[in-house]
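To start, the structure under review is shown below, and the notes come after it.
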Protein chains: 2
Amino acid sequence: MTAHTSPATATATRRGRRPGTNTTRRAILDAARVRFAADGFTATTIRRVAADAGVDASLVMQFFRSKSELFAAVMSVPPKALTRFSAAFEGTDEHLGERVVRAFLEVWEGDDTSSEPLMAMLRGAIVNDQANEQLREFLQERLLVDGIASRAVDNATLRAGIVSSMLVGLVVGRGIVSVPTLTGADRETLISIVGPAVQRVLVPPPTAERP
Amino acid sequence: MTAHTSPATATATRRGRRPGTNTTRRAILDAARVRFAADGFTATTIRRVAADAGVDASLVMQFFRSKSELFAAVMSVPPKALTRFSAAFEGTDEHLGERVVRAFLEVWEGDDTSSEPLMAMLRGAIVNDQANEQLREFLQERLLVDGIASRAVDNATLRAGIVSSMLVGLVVGRGIVSVPTLTGADRETLISIVGPAVQRVLVPPPTAERP
DNA sequence: CTCATAACTCAACCAGTGTTGATATTGTGC
DNA sequence: GCACAATATCAACACTGGTTGAGTTATGAG
């Protein structure tokens with residue numbers, strides 16, 4: 001809504017290269033990240049991103065070759081997030097579930113800037129093949145596997161995948177579907193309820209589990 | 001891919017009303033259900049649905065007034081599913097979690113015909129407002145609430161929402177993202193792992209839960 | 001200074017897509 | 001049999017949205 005036909009700055013709609021330092025590429029990326037995270041892949045148009053960045057649409061195409069590549073440049077699992085998860089696995093089994101849930105929620109619902117690529121990935125996963133593959137890989141390999149693989153449990157990988165997908169479901173319910181009950185709950189309450197459940201999946205009690 | 005310019009049947013591309021009984025409306029609905037469930041809302045075009053049904057696109061518009069209404073006619077939570085869930089709550093607390101998970105998976109991954117409306121709803125939930133609202137309502141009210149509301153637990157509604165969204169996440173991981181580990185696991189294994197976790201959310205042990 | 005090159009904008013193309021109005025054929029009630 | 005409604009196709013409109021090619025202005029190396 002800000003800049004459309006005539007940006008507020010003095011630059012106006014001049015025709016050629018802009019004077020001064022070169023910030024535009026970054027600006028486009030920022031705008032794209034926001035849009036893709038908020039509106040999803042199909043609902044986000046290049047023209048809109050360009051407008052948000054105060055730039056012509058064709059420039060976007062010149063920097064990134066296509067809409068898909070622009071999306072790919074934005075949608076990702078930040079390495080920070082992966083580190084965060086690995087860290088959650090250090091230490092004893094005792095409150096493992098709780099730690100994992102906390103890490104998950106903090107990473108996904110942290111400050112907007114860092115969670116946007118994740119949201120973009122989620123929202124794109126249904127329509128865009130790259131996002132779908134990225135999410136699959138995330139759920140399959142990158143997330144809890146290396147953490148849990150070292151633990152001596154049956155179906156370790158499966159358990160990791162289950163926990164991941166379930167927590168993604170929780171995030172979707174809060175952030176995309178916006179279920180009032182879920183959005184209304186504060187993080188700690190959520191952790192106190194979900195934590196033990198996740199614990200139960202990751203570290204099953206030795207007594208039961210076999211009918 | 002089948003019928004486009006010249007359907008395989010003898011009807012050819014005749015101009016007016018077809019002789020015989022009237023099946024076309026149902027055919028359109030069937031085609032739409034399949035497409036919406038498989039490709040999602042935006043990726044599904046009216047022309048494609050029409051082609052699948054062996055019909056001109058404008059006829060689809062005549063029966064259902066718009067793409068959204070066609071989608072609305074297809075995407076839904078079948079009453080059968082709701083009944084199934086209610087039934088899962090009858091009986092003791094003891095294996096409640098297991099029963100709920102089983103009901104959930106059976107309903108969502110049953111024969112294609114009955115699960116397609118649910119899948120359509122899921123795939124549409126990101127792009128289409130109606131689907132989003134329907135899913136929200138499903139997670140919020142229709143699902144486990146009436147079942148769990150009668151039980152004397154703190155945060156009963158919240159717990160219901162948590163379980164629902166987590167199980168939706170599981171279904172998404174299996175059916176939409178197609179995580180190999182998850183798709184590879186058979187339903188009973190899944191139930192045996194997820195059941196206790198869900199149990200832990202719905203019927204928390206009286207001893208713990210307060211740090 | 002000069003000139004290649006990078007950073008820009010403009011106008012337009014092109015393919016789809018939802019949607020509509022006109023028309024043709026069949027069924028049905030009188 | 002006949003008018004009217006229901007069922008069907010066809011052609012085309014309006015519009016969006018990704019993508020492209022040509023032209024315009026700054027930067028930076030030689």
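Relative to the current alpha-carbon distance between A:ASP111 and A:SER58, full extension at 0.36 nm per residue lengthens the span by 16.0 nm.
Sparse packing (at most 15 other Cβ atoms within 10 Å of the Cβ) combined with a DSSP loop state is found for the following trypsin sites (Lys or Arg not before Pro) in region B:16-80: B:ARG17, B:ARG65. With R₀ fixed at 22 Å, the C-beta to C-beta distance from A:THR183 to B:ASP93 puts the FRET efficiency at about 0.20. Specify whether the C-alpha gyration tensor of region B:79-202 places it in the rounded, prolate or oblate class, a ≥ b ≥ c being the square roots of the eigenvalues: rounded for a/c under 1.5, otherwise prolate if a/b is larger than b/c and oblate if not. Taking the square roots of the gyration eigenvalues as a ≥ b ≥ c, region B:79-202 is oblate. Take the Cβ atoms of A:ALA43 and B:ALA43, set R0 to 22 Å, and the FRET efficiency comes out at 0.95. Taking the inverse of the mean 1/r over every pair of distinct Cα atoms in region B:44-126 gives a Kirkwood hydrodynamic radius of 14.8 Å. In the neighborhood of A:THR183, defined by Cβ-to-Cβ distances under 12 Å, what is the net charge if each Lys or Arg adds +1 and each Asp or Glu adds -1? Summing Lys/Arg as +1 and Asp/Glu as -1 gives +1. The mean sequence distance of close C-alpha pairs (under 8 Å, at least 6 residues apart), as a share of the length of region B:79-202, puts its relative contact order at 34 percent.
When the accessible area of region B:79-121 is computed with all protein chains present and a 1.4 Å probe, what percentage of it is carbon and sulfur? Of all accessible area on region B:79-121, carbon and sulfur atoms account for 53 percent. As a ratio to 2.2 N^0.38 Å, the alpha-carbon radius of gyration computed for chain A takes the value 1.23. Helices that extend 24 Å or more along their long axis by alpha-carbon positions and average at least -1.0 on the Kyte-Doolittle scale are, among the DSSP H runs of chain A, A:156-175. About the Cα centre of chain A, what is the dipole size in debye to 20, counting +1 per Lys and Arg Cβ and -1 per Asp and Glu Cβ, all else neutral? About 1020 debye. For region B:22-39 versus region A:14-74, the spacing of their alpha-carbon centroids is 38 Å.
The values are calculated or read from the model by the stated rules, or taken from the named source; none is laboratory data. Because the structure is predicted, anything quoted here is derived from the model rather than measured. Neighbour counts are summed over all protein chains in view; Cβ atoms, including those assigned to glycine, are modelled from backbone coordinates with ideal geometry. These accessible areas exclude ligands, DNA and RNA; they are computed on the full protein's heavy atoms, side chains included. Shrake-Rupley method; radii C 1.70, N 1.55, O 1.52, S 1.80 Å.
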